[in-house]
1. Compute the FRET efficiency between B:SER324 and B:GLU135 as 1/(1 + (r/R0)^6), taking r as their Cβ-Cβ distance and R0 = 41 Å, and round to the nearest 0.05.
2. Summarise the partner chain shielding of B:99-106 as one whole number: the mean count of Cβ atoms from other chains within 10 Å of each residue's Cβ.
3. Nearest 0.05, what FRET efficiency do B:ILE33 and B:HIS212 give at R0 = 30 Å with Cβ-Cβ as r?
4. Could you name the lysines in cross-link range of B:LYS148, using Cα to Cα under 19 Å and dropping any fewer than eight places away on the same chain?
5. Net charge within 11 Å of B:VAL79 by Cβ-Cβ distance, Lys/Arg positive one each and Asp/Glu negative one each, not counting B:VAL79 itself?
6. Between A:ALA31 and B:ILE25, how many nm apart are label points set 7 Å from Cα along the C-beta direction?
7. Suppose R0 equals 51 Å. What FRET efficiency, 1/(1 + (r/R0)^6) with r the Cβ-Cβ distance, do B:GLU90 and A:LEU210 give to the nearest 0.05?
8. Averaged over its residues, how many other protein chain Cβ atoms are within 10 Å of peptide A:97-110's Cβ atoms?
Amino acid sequence: MLHHLKKPLAFVVRDFGDAASYKLSFLMQFAGIFISILTFFFLSRLFGGVVVSYLQPYGGDYFSFVLIGIAFSGYIGVAQHSIAGTISTAQEMGTLEALMVTQTGVPTILFSSSVSSFIWTTLRVLVYLVLGVVVFGVDMGGANIPAAVLILLLSVTSLGGFGIISASFIMAFKKGDPLSWVFSSLSGFLGGVIYPIEVFPDWLRTCAYLLPITHSLKGMRLALLQGYSTKALVPYILALMLFTVIMLPLSLLIFQKALRKAKMDGSLTQY
Amino acid sequence: MSYIVETFDLTKRYPQIKRYHELLIHPFRKREITALEKVNIRVKSGQVFGLLGPNGAGKTTLIKTLCTLLLPNEGTALVNGYDIVKEDKEVKRSIGYVVNDERSFYWRLTGRQNLGFFAMLNNLSSPLANRRIEEVLRLVGLEADGDKRVKDYSTGMKQRLAIGRGMLSDPQVLFMDEPTRSLDPTIARSLREFIRANIVEGQGKTVFLSTHNLGEAEELCDRIAIIDKGKIKACGTLEEMQALFDGKGRYLIELEKPTHGLVETLRGVFSFELRETEPGRRVTIVVSTDDRWTVPRFIESIVTHGGKVVGCSPGGRTLEEIFSRVTSLRDRKEGLRGGEA
């Protein structure tokens with residue numbers, strides 16, 4: 001088991017060493033987290049004690065609702081963009097050839113290179129949640145943490161498939177990844193990051209359920225804010241499992257095709 | 001006879017980017033440029049094999065194809081007995097690729113950290129990785145600089161670190177793409193000496209390198225293939241190529257201050273090439289002949305007509321001459337392809 005973790009760990013050590021060498025940027029990111037929370041805190045005060053019926057399923061408090069949204073949408077961004085970002089950064093830095101000629105397979109390189117982004121995002125999410133609970137008084141006393149962790153893992157694997165397809169576009173066509181653009185725009189609009197999907201008309205709400213982020217955020221909020229049991233969260237868990245089972249193998253197949261195209265075209269290191 | 005590298009009609013074509021009007025008029029028509037055309041070479045183990053060619057000849061394409069970074073359109077190649085298309089994992093275990101791009105490292109990490117990272121990706125266990133890192137740092141003369149960040153390395157140090165990285169997994173064959181391209185002459189010379197003495201003679205490795213530096217190929221390589229426009233034009237040792245081109249004995253007769261009349265008189269009797277060695281002072285007459293008496297008769301004739309011979313030696317064609325001739329022959333089918341390399 002430990003043997004299999006060596007390569008991801010090597011990537012994490014590399015990325016941490018690199019990130020820590022940019023000290024100002026390293027510290028500024030924490031300041032950014034605090035400011036974004038503060039923005040939504042004051043936005044929530046706008047509503048004051050007004051009861052918003054759309055927020056009732058999540059406990060009725062807008063700040064708690066949006067805190068989960070912005071905290072966990074970070075994961076979605078990472079799952080979707082980190083692999084493509086790794087490929088394009090390695091192409092631009094000139095390290096991709098050196099990586100590809102090693103004895104490590106491409107899927108391992110893809111997975112390992114995004115691990116540090118997920119660890120970093122987890123730290124950010126923890127900071128978000130701790131600040132939310134300690135400084136701004138969000139109540140998560142009854143949270144179902146194991147179910148939230150399960151939903152998080154399934155969110156990462158299901159969204160990771162879209163991320164690998166996005167990386168395939170970068171590998172094959174270098175720029176102009178249409179999937180990432182469409183998926184990001186739709187996820188931001190339909191996924192329920194800063195407002196609940198209950199505000200949509202029925203047909204638009206149906207469209208929202210075609211995106212994994214919708215199930216991910218809804219399940220996460222119900223687990224953390226309302227303390228739903230794992231059994232009650234099964235519909236969201238199954239939906240995310242379905243996305244994973246379909247998207248992950250499909251995305252790896254597409255990436256292999258894209259890699260083959262880049263090797264045929266001689267464009268592996270071009271950007 | 002087994003070879004460490006062997007190619008079989010290896011052909012590589014790159015698609016060319018279409019213009020907008022071509023996309024509209026002929027959306028499915030392919031535009032391709034041939035980078036390698038039916039390349040057949042063989043490299044024996046424990047040698048320095050040089051791939052010599054002008055810019056754009058196909059050197060990098062051939063090396064990248066052998067390193068599994070590119071897929072051939074036709075033909076194939078064996079590296080250490082493994083097929084580059086079907087057995088790419090085994091090929092990667094057998095090779096070290098010295099990437100000729102100083103950006104191929106993580107500049108904000110130290111040399112040792114970079115090597116540690118690539119050692120893990122090459123499946124070296126931690127104790128073995130640590131031992132190999134120390135060995136290769138010592139081998140490339142960077143043991144005192146291993147803890148400096150790569151951004152603080154000179155170009156020559158980065159190049160040596162790249163060689164160290166290529167040597168980490170103790171590969172059978174090391175591929176180097178123009179390893180001295182961005183180095184000053186002194187560093188380039190020391191790197192050539194290092195490749196010969198430490199890697200080939202010291203470690204018994206095979207080095208497959210590309211260069212457009214004729215002196216480097218002549219000084220360093222046991223065998224050379226001249227590539228131009230994707231085709232191997234000549235292949236073999238320098239002596240084999242000289243024989244292939246001349247087929248005759250070649251002699252250099254050095255004269256001091258010859259008169260115009262003397263040269264014209266000699267031209268009336270012999271066939272030769274005249275080179276001005278030291279302008280106004282010395283010239284060299286190049287005579288190609290199979291007749292053992294031609295040179296004595298030539299010298300006798302010079303002396304008889306008042307010339308002063310200051311030297312006479314056998315002299316094959318230089319690699320520069322062979323290279324110029326080969327690359328100017330272009331597509332003439334003169335049977336210049338050598339046998340095994």
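Where a number appears in this text, it was derived from the coordinates with a stated rule and is not lab data. Only a predicted model underlies this, so the values are computations on that prediction, with no experimental measurement involved. We place every Cβ from the backbone using ideal geometry, glycine too, and count neighbours over all the protein chains shown.
1. 0.45
2. 5
3. The calculated FRET efficiency here is 0.95.
4. Within reach: A:LYS23, B:LYS158.
5. -3
6. Placing both labels 7 Å along Cα→Cβ, they lie 5.8 nm apart.
7. 0.70
8. 6
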